[in-house]
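First comes the structure, then the notes that go with it.
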Amino acid sequence: MNARPASVATRPRAHEMGIYKRYFDLIASGAKTTEIRVNDASRRKITEGSLIRFRCRDDEVLTRVTRIVRYATFEDMFDHEAVASVNPTATREEQLANIRQIYPPEREALGVLAIGIALVS
């Protein structure tokens with residue numbers, strides 16, 4: 001029987017999400033406390049209390065889900081969520097433009113999730 005390497009065996013199970021460097025840095029610093037994603041099949045498995053490991057290149061940061069709120073659109077989400085919790089360095093309009101570069105309309109049509117996150121030490 002092969003033993004798992006110690007680094008893998010001691011890592012807690014978590015949902016894995018890739019993320020752009022600018023957003024990764026905001027999460028790692030604790031400044032970004034809300035992650036937004038479309039409500040696709042893999043996100044539907046996330047529940048309050050779940051762990052999410054955000055990855056960017058060779059870096060990773062572990063977070064715990066504090067809340068999940070579903071919205072129909074990104075505009076609806078920004079009507080109810082603090083813009084600064086998603087990205088404290090950008091306005092609502094800038095964030096909508098950025099997110100629309102990531103998610104085309106057919107993906108947004110799946111619905112939008114605002115995922116509250118907190119760093120896990």
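Laboratory data are not the source of any read-out in this text; all were calculated from the coordinates shown. None of the values given here were measured: they were computed from a predicted structure. All Cβ positions, even for glycine, are placed from backbone atoms using ideal geometry, and neighbour counts span all protein chains on display.
Here are the numbers for the structure shown:
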| quantity | calculated |
| --- | --- |
| Degrees separating the helix 92-102 axis from the principal Cα axis of the chain, which is the longest one | 60 |
| Value of [θ]222 nm, deg cm²/dmol, for the chain, DSSP H segments ≥ 4, -39500 (n - 2.57) each, nearest 500 | -7500 deg cm²/dmol |
| Surrounding net charge for ARG44, when Lys and Arg each add one and Asp and Glu each subtract one, Cβ distance under 13 Å | +3 |
| Simple Cβ-charge dipole of the range 12-119, Lys/Arg +1 and Asp/Glu -1, about Cα centre, in debye nearest 20 | 400 |
| Options THR91, ALA72, VAL61, ranked by Cα towards positive dipole end of the chain, top entry (Cβ charges) | VAL61 |
| Length gained when the stretch GLU93-SER121 is fully extended (0.36 nm per residue, less Cα-Cα span) | 6.8 nm |
| Calculated Rg/Rh (Cα atoms, Kirkwood Rh) (choose from [x] 0.98; [y] 1.00; [z] 1.13), label | [y] |
| Computed E for THR66/ASP25 - FRET, C-beta separation, R0 25 angstrom, nearest 0.05 | 0.80 |
